[in-house]
Structures are given as C-alpha cells and as structure tokens.
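What follows draws every value from the coordinates through simple rules; no lab data is involved. All values reported here derive from a predicted model rather than from experimental measurement. Reconstructed Cβ throughout: ideal geometry from the backbone, glycine too, with neighbour counts over all protein chains shown.
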Number of protein chains: 4
Amino acid sequence: MKKRARAREAGIRLGGLPPGPGNAITDVIGVQVGHTTLIQGSDVRTGVTAICPHPGNVYAERLIAAVHTINGFGKPMGFEQVRELGLLETPVLLTNTLSVGLAADALVRWVLERNPEARSVNPVVGECNDGYLNDIRGLDVSPEHVFQALENASAGPVVEGNAGAGTGMSCFGFKGGVGTASRRISEGDGGYTVGLLVVANFGQREELRVAGVPVGQRLKRWPAEEGEAGSVMVVLATDAPLTARQVGRIARRAGLGLARVGSLAGHSSGDFVIAFSTAQRLPRSETGCTRCLTCVNEDQSTIALLFQATVEATEEAVLNALFAAQTMRGYAGHIRDALPIEAVVQWVGQAQAASG
Amino acid sequence: MKKRARAREAGIRLGGLPPGPGNAITDVIGVQVGHTTLIQGSDVRTGVTAICPHPGNVYAERLIAAVHTINGFGKPMGFEQVRELGLLETPVLLTNTLSVGLAADALVRWVLERNPEARSVNPVVGECNDGYLNDIRGLDVSPEHVFQALENASAGPVVEGNAGAGTGMSCFGFKGGVGTASRRISEGDGGYTVGLLVVANFGQREELRVAGVPVGQRLKRWPAEEGEAGSVMVVLATDAPLTARQVGRIARRAGLGLARVGSLAGHSSGDFVIAFSTAQRLPRSETGCTRCLTCVNEDQSTIALLFQATVEATEEAVLNALFAAQTMRGYAGHIRDALPIEAVVQWVGQAQAASG
Amino acid sequence: MKKRARAREAGIRLGGLPPGPGNAITDVIGVQVGHTTLIQGSDVRTGVTAICPHPGNVYAERLIAAVHTINGFGKPMGFEQVRELGLLETPVLLTNTLSVGLAADALVRWVLERNPEARSVNPVVGECNDGYLNDIRGLDVSPEHVFQALENASAGPVVEGNAGAGTGMSCFGFKGGVGTASRRISEGDGGYTVGLLVVANFGQREELRVAGVPVGQRLKRWPAEEGEAGSVMVVLATDAPLTARQVGRIARRAGLGLARVGSLAGHSSGDFVIAFSTAQRLPRSETGCTRCLTCVNEDQSTIALLFQATVEATEEAVLNALFAAQTMRGYAGHIRDALPIEAVVQWVGQAQAASG
Amino acid sequence: MKKRARAREAGIRLGGLPPGPGNAITDVIGVQVGHTTLIQGSDVRTGVTAICPHPGNVYAERLIAAVHTINGFGKPMGFEQVRELGLLETPVLLTNTLSVGLAADALVRWVLERNPEARSVNPVVGECNDGYLNDIRGLDVSPEHVFQALENASAGPVVEGNAGAGTGMSCFGFKGGVGTASRRISEGDGGYTVGLLVVANFGQREELRVAGVPVGQRLKRWPAEEGEAGSVMVVLATDAPLTARQVGRIARRAGLGLARVGSLAGHSSGDFVIAFSTAQRLPRSETGCTRCLTCVNEDQSTIALLFQATVEATEEAVLNALFAAQTMRGYAGHIRDALPIEAVVQWVGQAQAASG
C-alpha cells in the first residue's frame, strides 16, 4: 500500500515548537523502535512494538523514568517499581491487552539471557485492546514475536499506522495505530528533544479535532461501525537531564495533548504514559555512597518548554497515527476505514485560512 | 460597565451536551455562590469567592467529595482530609495566593460559630495569584471579606469576570477571572447536571484556543504586557450520586477541558480541582455500623457522559471568564485588556463556517 | 514432616481482638486458597498460591477492592485498574518474581475459558523473590502449575510455611513462606472478619520481634547465611461492606503490622497489599444508571476496629509463616533454617511473664 | 518542674543505630527549633513549634523535601507544592488544629517581611488536636505567638514534652507532646544523620509498647480519662544528599516507627510526615538550564540505613515525648497524667532482662 502523508506533510499546522529531524521518538539519540506485525488470515490483526531506550544493555545501565496513569482502566506492567525507584531497566513493550503477561514473560527471558547475573527484572509493558479488528481471544502473540520486535529495533524512521502493537487498533472510529512525533526546544533553553510514540486506540468519532478544527462533527456522518472501547499508550523519551520527579511532571502533560485531539479519557480507555530521560545512564556497578546527577533547573524556562513540547508532540503523534493507518478488515468481518485524509486536510485548511 | 455577552450568547458553539438552565454551577440545585470584590484605590484588585455546596449546614451534613491536582505549584488547603475521607465539610473558598491562611482561619471561625460542638474543622480553600493587577503583598483580604462572601452566597446567576476571587486575575495575557458553565446529561442516563466554576488565571496568549480555533496566534500581535505566572482553580458540583472514587474520576477530567482552551499546565501554574456530589448528605449524627449509598453504575454509559460534561463545562467556564472580564488597570499601573470579543467571535465564526 | 505449632498455639499472646474460627483468611466466608508447591531436585523450590475471593465466577461478579504499595521495589500486575475502578475481577495469584508474566498469562487464559464473552481481563498477580533457595532463573513455574493452584483452591485450613508461593521464601534470615491469620470484631460493631494471607520473604534477622520481644537480637548469634533481598505480599479479605476508598484505608494498615514484627520496608523489599471486600458482588450484567452500596459508617467505631484487626492479623500471619516454615535446602546448596520455635517461645514467655 | 529522664537515659534500649550527640533533630547541622508555649488560666494549653531547616533565608535558598500522609484525617498546609516541586521554602510550623490558617497567614507575613521580592509563598504548617486539655475553640494562638516561635528557634537541645505545639497534646491516654531523637549511620555508609521531631498526640492506651514491651496492657488499669482523637506530626531532617523521591522514601518509613510504639494510624488520627534534606540549598537566583545534584546511590547500603535510622528515631522521639511530658490539668478540668516512668522502666527492664 502506498504510504500516506504524515499530518505535517499534508499541511496541518500544529504547535509552536519545531519537530526534530525525523519528527519521531527516534530523534532522541539512542532510542530504537521495532515492530512485529501480525496479520494472518481473516482474524489476526495484532502485534508487538518494542522501544529500546538506549542501544546498550538497559538492565545494566538504567535510565531515569516515570509513569503516569491518565485513566487506569488498563493492564500495564512494571509501574510500581518505576514509581518507587524512578528507573527503567528494560525496553518498553506495547502489545494487545490479553498478551501483556506473555510479553512480560518473554521480556524477562530476553533480559535473563543477556544478563547472566540478573535474578530480578522489572519488565515494562503497555497495552491497548485491538479486539475490534483482532481475534484477541485467539492469543496469537508468541514469545518469538516479542523477541523479533526487540531484535527489529532500530534508530531512524518509525513505521506508523498498522504496524506492531498498532496493527489492529482503532481511533475516533477510524483505523488507528502507531504514531510518533518530536519537538526540539531552542539551544538557549538547552536544545533538548522530546520524542513521543503512541499506540492510538481511543476516541469517539464526533470528538475528533485536527489542529483544533472539530472535523469529528462532520465525520460523524461518515459510515461508521461501532467498536469496543479503546485506550492509548504514550511512550515519551527526552535527552533533557531530569530527576524522576521531573520526568513525571513532563509525563503528566501528555494528557493535555490527547485532549487537543478530542480525548475525554473515556471510562474504559486505559490511558498511560511511560517516560524516560536518556541523558544519564545509571550503571548497577557503581560504588560509592553518592551519585551526581544533572537535572533541569526548574527556576528557568526549560521545564515549561519541555511541557509544551510534550503537549504538541502528543497531539501530532496521534494525528500521525490516524494519517498513516490504512483501512483494515479483520476479526468477524469488522472494517475500520482509514481517516479520509483529503477531506480532513481540506476542512482544516479552510478553517485555518478563514481564521487567519 | 456594560455586561458582555457570554461565550455561548456570542455565538461560540461548544460541545455536544446541552447546558443547564443558567449554564452555571448553580444549575446544580442547592449550590450557592457569593463574591466579595475588593477594588480600592489604584492597587487593590482582589477578592473572595465562596461556593456553598448546599444551603444547609455543611459541617453537620457533609457531601462526598474529591480533589485533584493537575499541577501542584499552588497553596490550597484542606486537600489531605478530602482525599482520606472523601468528604467536604465546609463551603469552598477561593482567594488570592497570599490570603489562603487568613481565609482558612476565617472559615474556621465561621464554622465554629454555627456549630457549637465543633472542635475540628477542615477548611477547603483554593487560590490563584492576582499579583499582576493586585498589590498582593498588601494582604488586603480581611476576615470580614470572607464572611461577606459566605453571606452573599446565593443560588441563581453567578457574576462572572472581575468579581470575587477573580477580580485581579489574568488569563492568556488578557483579563481573566470567574467563569461558570454547566452541562446536563439525558434523562435516560440519569438526567444529572455537572456545574463548574473556575477562577481562570492561566495561559500563554499564543496558546489560546476558542472552540478549537487558535485565536491566540492572531492575538499575540495584540499589545500585551507580560505578567506573573498564573494558575486555575476549578470547583465542580454535580447532583449525580457518586462515591468519592467516582467524584475523583470526574474531577480528573477537568484538565482535559483546560487543554482545549490552550492550557499547558505551566510550571508555575497551580492547577487544582475541588469536586463534590450534592446527591447525598452524610450527617454526623447517624448511628449504625453501616450506611447505604447510591452511586452511578460504571458499567453503564452515565459515567462517560459525566466525563464529557466535565470537559465541556470546563472549557466553556474558562471562555465565560474571558468573555465576562473587563479591562482593568491596577497595581503599579499594570493594565490587562479584556479579550477583544468581537474579533474573536468573528474569527471563530469564519473558521466554523469554513469547516462546516 | 511434622506440622509445627502455630504462633498462638505455641503460647504467643498477640493483640486484643479474637481470631476467627480458623485464624485464617478463609474465615472470611467464600474465600478459597490453593497452592501448587514445586520442590524438584536440588534447585527448584518455588510455587504458586491462588486466592479465590469468592466461590463463584469473579470475572462475572466482581468485588470491591484496593491495592497499596508499601515499598514499590516489586513487580505486581493489575494494580492500575484496581486503583481506577476499585474492583477485583480475577482470583489473586502469588508466585516468584520472574514468573509474574507467565502467571498473568495463564490467569488470562483461565478466565477466558470460563467467560466466553470476555475480551479484556485484569489479572492480579503478586510476587516475592525466592532466589536464595530457588533456581529462580530456571523459570520452572508453568501454566499448568497456575491452573492447578486455582483448581486446588478450597475453603478451610490453609497450608502454611513451605507451600505454594511461599515454598522458597526467606524471612528474617530464617525459612519463611505462607502465613495466615484473622480477627473478628464484636457483633455490636458489625461482627465482621478480617482475614490475611502473607507470603513472607522479608526482614533482617536482628530486627525480628515476636510479640514485641526483640528475639532477633539473640537470634543474630544463630548461624545464618546471608541471602538476597526480600519482599512481602499481603492479601486481605473482609466481609465488612466497604467502598474502595475504605478498603484502601484498611489495606494501608497492613504495613503497621509488618512493622510490629520488625519490618523496615527495606529498599529492595517489594511490599504490597491487595485487599477486597466480599460483602457485595458487582455483576457485569446489572442495568440501571445507579447502584446501591452498603458501606461502613466511618463516624462510628467499626472502621477503627477493622484497622486494628488488620494490624494484628498481619503481625500474626507473618509469625505463622515463620512458625510453620521448615528448614529447607535448595538452590546452590543454600540452606534456610526454620525459626527455632522452642527458644523463641521460651524467650517470649519469659519476657511476657516478667512484664506481667 | 523537674526535668524527667529521656527514654534512653532511663535505660530503655532502643534500636541498633547510635543517636547523634544530642539525640535530637538539631543533630542535623543547621536545624533550629523554637517553641511558644501558651499556658494561661485554667483552659489555655496550646502553642506553636517552629522548625527552621537551615539558619539562612529558606525562601531564598530552598531545600529538597517531601511530605507523606499516613492517615489523612488532618489539616496540614503546603503539601501540594512540596509534592510537585520537591522543595521546602519556609520554616515548618506546628500548632493546634484550629490555628493552622492563622499560623500559615503569620508565616506568610514573616516571609514577606524578609523577602521584599516575594509574591508567592508556600507556608508549610502541621497540626494536632489538643482539644482535650486546651480550649481549642478559644483560638488563643496569635500571629505574635507564631513570630515568637520563629524567633526562638535555636540549635542545640530541644525542649520536649509540654512545650510549643506539644503543650496540650495527649498520647496513649497519657500526657504527650514534643519529642525528638536522632540516628547516625556509619562513616563508611556516608556518616549521615537523621533527626526527628514529633508532636505526639495519638494512640490508645492499651496499645502502648515501649521497646516492644506491651506496657499498655498493664497501664490500661491505670486511672484514665477518655479524650478526643489524636494525631501525630513527624518532622524529619537529614544531611544525606537526596532527591525529592528519595526524601519521600525515607519519610514513608516514619509510620513503621509509630507502629513500633503502638500506633494503629487510627481513623481520626491525622498522621503526617514532613521531611527535608539539608545537604543542598537551591537558590532562586541560579541561572543556567541545568543544576548538578548529589544524591544517595540507592544501589549501595546507605538508603537502607537511612530507612532504619528513620524507624528507630521515630520510635524514640515518641517515647521521649511521653517521658518528658508532665501531668497537666487543663480545659474543663480535664487531666492527663504523665506516663508513670518508673513503673514502665521497671517493666521494660524486667522484660529485657528475662528475654536476654
């Protein structure tokens, strides 16, 4: 299938901060993304996405991290330890709701193999429910699919739309999936990058806003099939040096970006954020009673810009998911149409032209 | 001064749920609002707003309640006990940042006077910083001002804009203040009302969105004076019967409404929500080991509609604050212009016309 | 091996409230416990414990629940959804640290099989690290072991000590494992029962206190092998009718019971509480916008007694684990001695006699 | 009145870590404590205690801090901002429940006077309810009393018992009040000090444990007057360099120390911890996008020792409050007896002798 334009390429003007060179989570140097996409027969539409926060051994050299729960109707794994210690010690996996346990188990095995001394591992796994297009009860994700996503992880462009964990997802009643975006703040404020990756599987059609334009109001007249409730996973990376408390503050802004696209953080939408800073690696082997950390000076403007970067990149990542995702037929004959990009771009363009 | 049109009256189309009869927090039966507005000399621009959650003795008959911190850079009072017990036992006061202690002290005295047996009181007080227009270091709020706001409390229309705690506030670089709005959900889903009152004192001008239209981008060319960092207090009332956990879930949606208007939950913006349900009063005098509570069945659609009502009412309450507030000159000669409503309404109208 | 006396049978006087008839979590009517104990060759010393909160289909008829993290250095699963919704929808599984993903996956499969319409499941799984006695990297727990623990679940006496998830655990430098206890509050205060089950795998020997007597100070001269850091899982059941907020309040008292035995909630000790009320089942099938719930009237004394019951039952459950556990040799030739009960009982008896 | 022996001087053996030179919060260099004690007529028994975290201008040079709520039935002030920013910017005040607003207001005025540029202040104030011995409805604390406590603050020995905020407090049915203690960890682990100050106003007599000995069981036969429900405030200082997350972890251990003395964290007991690290001051004036912080390396043993120090110092500080407090007659003729030290010491001595 032909690659569809990303939101920005299609002319949607979004936010005030510039994106990084790839407008992707991989603009944060060292971050790698890998997908396993499972499209089999008429009913299997699922997958796994792995986000490797740095190219080394994350278990041996951990990153400062935080998690945030926007709406907790979901089944992520690994959150308690990240909250307590402020550390990420594995890649982050995303998959479907019913495969979290399996993915966590596979991730544990993968870490054990690479760390002969490891006897305790905190796998971090997120999920959305792709049960509208995927025969989710079929439990088709296998450990090999997890390993493959981890091995596939690479820097550079991220495949968006119907890929990896996003394969079978729905968003605002259209085909959803993986989206990514990034923002850079000015050199004078540190020159840091915030990169986002979402699995977008949320939203009621009539609520969809693109660059503020309530296109969902027009699109609700588009033929739609109702589906199951959604959710959204946000993975946020930044090279800004931060304490875990500061990563948490930034993570909490992702919900504002979702709101701009039309999220109501619906009752049954498990909406979660997993965030980390690549600026400093914390090796297990370090001796000495104390460590020195560098962190953003919150008395200056950098933190506010990191907030803005997060809000903007979240909004754009969701739109990129919608723009990239293509019409899919799946489980039980269910169909999710792709967002009708041309119409949307036209409406947004008209509104933007009219309002100056 | 001439009363300015509210956002909806001015033709701004907002959200999918209908407002209550007054489009105000007082649409929730029993809720009363009172202001003390302090405009003295050239420098005093502050006040107190009291929200009485029911017309009886709130200390004797408490309401189920929750609080939520969107961004904790602020000085509210009373949050710990509301979190633990899920109960509101006083009216809610809003005032300026440096007067919280005084207001809390006055509220304690007010409750003691009305409850001869009371020996422990949890005053709930919120604040925003009006220091751009108000000589905040002057500490001009007195206990009498607090008592007056409490005594002024009444049902019916709420004075918006430069009133009460909103007197000296700024919002998106324009004059801010008090705003209110409400939403009703259909009879089939319970027929409940969500009412909101905000003290709006947040936002960067270029981020302002009205009904999704990024009017801030045009308004940033408007002459502006920079000011101090802001904050926003949201008080939410509903007649839906809820547990404290459920009130909390609803309270957490207010942030999404703020995002729609352009909030980034800025670093130094203390953004808080205080929410309560008027459906059931919990008298202290009740004996018996157990109580019966009615609460919304979260397996049905009501809770999702309460979320939507909250998001929409929050957005509209902020806009009502901006639409009602009038240009003010205050402390140190600082001036905050009123939002240029005509231009804004025109731009929004054009955008809405263009996008269908 | 000969069954060892439980703490109370051995004459240890503990607390002011009476235990239930079995002094076990199963004193809460309907609660069932099942173990799979894996002792294979010289190195496999692990297992699974299942706590079924009621004898019906928990997915179809959920219970009000809460979780609490005392120290989050651990890998439990299912906590976010319990926090958001206040509901438990599966049995609770306990196992070793590296088998959480596998156990969650097996539990999902078990629930799917029994609920043909289920397309989203929140498995709740806790863990401790049995790596001192168990070849934890061997990953010996299989889905069948999980199913077996679920099928083994029964009311009545609970096997304590080296059983199920407790098989390979250590506690205060001695052999730890599963322990249970209960407390009943008086009929006038509701006549409710609090039942506790712990997997005890925490503590430094010199800190051990039995009924307040610092026996650890004498026992530190006992030959000891140092081991890996521990953790403790507490599962709490009660038949008191409670809201999720109230269950959470009770759950938070378990840490005080651990402290009485000598817990410091050590850095690497993942200490968690999973608690539920059996008083009311919430069927998915219920229609209607609202539900009626019964809950404890917190203005009366019942809640305080439930707190006391929790503290006391936690203390006694840990002691029961220590008293029941028997000396074990396991992984890499490591040995954990059983607590020398006779000496401990003698010292405690002397201290209690001396202090009256 | 004659000064009574502190617990340790009276021969009570407590914990494994050594205290600092003064066994007081002031062992943390720079920490200063000041009391205003109000004993007037037959009914006024209250006061204010100020803890100045360093001898400089705390508003200008802030300290990394955290708060923790053990049981939230209380009215502290300032918690939200400490949670968000991890900073303490004022001295900590403790007073009676109904005077928190007044004390916060006075503290704001005091900070404004010393910081001409300050336009936003987060006063941190804690409270316990002294209403059994104090005519709490009389609201006898005045701003001058607050200023006096702040001016009285000094390093060195801390007056314990019936002093400052502790003047009218009750504890385990005896006279309670202010207590303090400290612990030092070994040079090899950093040589850090943890200092604690409590206002002890909690506990049911029969639950009292001294060094684990359940003396409350014997003391319940002592003539007692029932009183109102209590609470406890814990202020923790350390010179260990810590992030706010780490300060929070340490703060959460104070509850375990309270449990050792017999706390059930009773329903109506507002139990709170305010903690800070003196190791690094964060000046407002600092420019630059980033800061360097030193913090404890949690992969080493220091953090565990800081936990132990906290548990032990909390236990001892409460006992010191009980040992120092003297019999008081107050409001409505109520009398609180001092703990009968001689009997308690004898019982504890006998138990300790008997158990080795």
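Of the GluC sites (Glu not before Pro) in the stretch A:106-199, the ones in a loop by DSSP (not H, G, I, E or B) with at most 16 other beta carbons within 10 Å are A:E117. Taking the square roots of 5 times each eigenvalue of the Cα gyration tensor of chain B, largest first, gives ellipsoid semi-axes of 31, 25, 15 Å. Kindly work out what percent of the DSSP beta bridges joining two residues of the protein assembly as shown are antiparallel, to the nearest 5. Restricted to the protein assembly as shown, the bridges split so that about 80 percent are antiparallel. Rg/Rh for the stretch B:259-356 stands at 1.14; both radii use Cα atoms, and Rh follows the Kirkwood definition.
The mean of 1/r over all distinct Cα pairs in the stretch D:170-298, once inverted, gives the Kirkwood hydrodynamic radius of 16.7 Å.
Projecting the Cα atoms of C:G11, C:P91, C:A240 onto the charge dipole of chain C (Cβ charges, centred on the Cα centre) puts C:G11 farthest toward the positive pole. Our summary of shape: the Cα atoms of the stretch C:127-201 have principal axis extents of 52, 32, 17 Å, ordered from largest down, in whole angstrom. Which one, D:Y132, D:C171, D:L256, is farthest towards the positive end of the dipole of the stretch D:130-257 when Lys and Arg carry +1 and Asp and Glu -1 on their Cβ? Checked the options; the winner is D:L256. Across the stretch B:95-123, the residues whose backbone nitrogen lies under 20 Å from the label position 7 Å along the beta-carbon direction of B:N57 are B:106-123. Computed over the stretch A:65-164, the percent of Cα pairs more than 25 Å apart is 21.
Between A:S285 and C:E144, the simple label model (points 7 Å from Cα in the Cβ direction) yields a spacing of 4.2 nm. Couplings for the stretch D:186-191, taken from phi via the Karplus curve 6.51 cos²θ - 1.76 cosθ + 1.60 with θ = phi - 60°, read 5, 4, x, 9, x, x Hz in order; Gly and Pro are left as x.
In the protein assembly as shown, the DSSP-assigned H stretches of four residues or longer account for a calculated mean residue ellipticity at 222 nm of -7500 deg cm²/dmol, using -39500 (n - 2.57) per stretch and the full residue count as denominator. Placing unit charges on the Cβ atoms only, positive for Lys and Arg and negative for Asp and Glu, gives the protein assembly as shown a dipole magnitude near 0 debye about its Cα centre. What nm distances, shortest first, do you get from the label point of A:P283 to those in the other copies when the point sits 7 angstrom along Cα to Cβ? In ascending order, 3.4, 6.2, 7.0 nm. Taken about its Cα centre, chain A carries a charge dipole of roughly 540 debye when the Cβ of each Lys and Arg holds +1 and the Cβ of each Asp and Glu holds -1. The mean sequence distance of close C-alpha pairs (under 8 Å, at least 6 residues apart), as a share of the length of chain C, puts its relative contact order at 26 percent.
Amide H contacts for C:K175 (H built 1.01 Å from N in the peptide plane; partners 5 or more residues away or on another chain; cut-off under 5 Å): C:D337, C:A338, C:L339. Annotation for the stretch C:1-105: trypsin sites (Lys or Arg not before Pro) lying in DSSP loop with at most 15 further Cβ atoms inside 10 Å of their Cβ are C:K2, C:K3, C:R13.
When a/c reaches 1.5 or more, the comparison of a/b and b/c decides; with that in mind, is the stretch D:300-356 rounded, prolate or oblate per its Cα gyration tensor?
It comes out oblate by the Cα gyration axes.
Its residue count N fixes a reference of 2.2 N^0.38 Å for the protein assembly as shown, and the Cα radius of gyration divided by that reference is 0.87. Taking a straight Cα-Cα cut-off under 17 Å and skipping sequence neighbours fewer than 8 places away in the same chain, the lysines within cross-link reach of D:K3 are D:K175. Modelled spin-label separation between C:Q346 and D:S154, with each label point placed 7 Å from Cα along the Cα-to-Cβ direction: 5.4 nm.
Each Lys and Arg contributes +1 and each Asp and Glu -1, all at the Cβ; summed about the Cα centre of the stretch D:1-117, the dipole is approximately 720 debye.
Using the Stokes-Einstein relation with a Kirkwood hydrodynamic radius computed over Cα pairs, the translational diffusion coefficient of the stretch B:1-91 at 20 °C and a viscosity of 1.002 mPa s comes to 129 µm²/s. With θ taken as phi - 60° and the Karplus curve 6.51 cos²θ - 1.76 cosθ + 1.60 applied, the whole-hertz 3J(HN,Hα) list for the stretch A:106-120 is 5, 5, 4, 4, 5, 5, 4, 4, 8, 9, x, 8, 6, 10, 7 Hz, x standing for glycine and proline. Loop-located GluC sites (Glu not before Pro) across the stretch C:264-356 with a Cβ neighbour count of 13 or fewer within 10 Å are C:E286, with loop assigned by DSSP.
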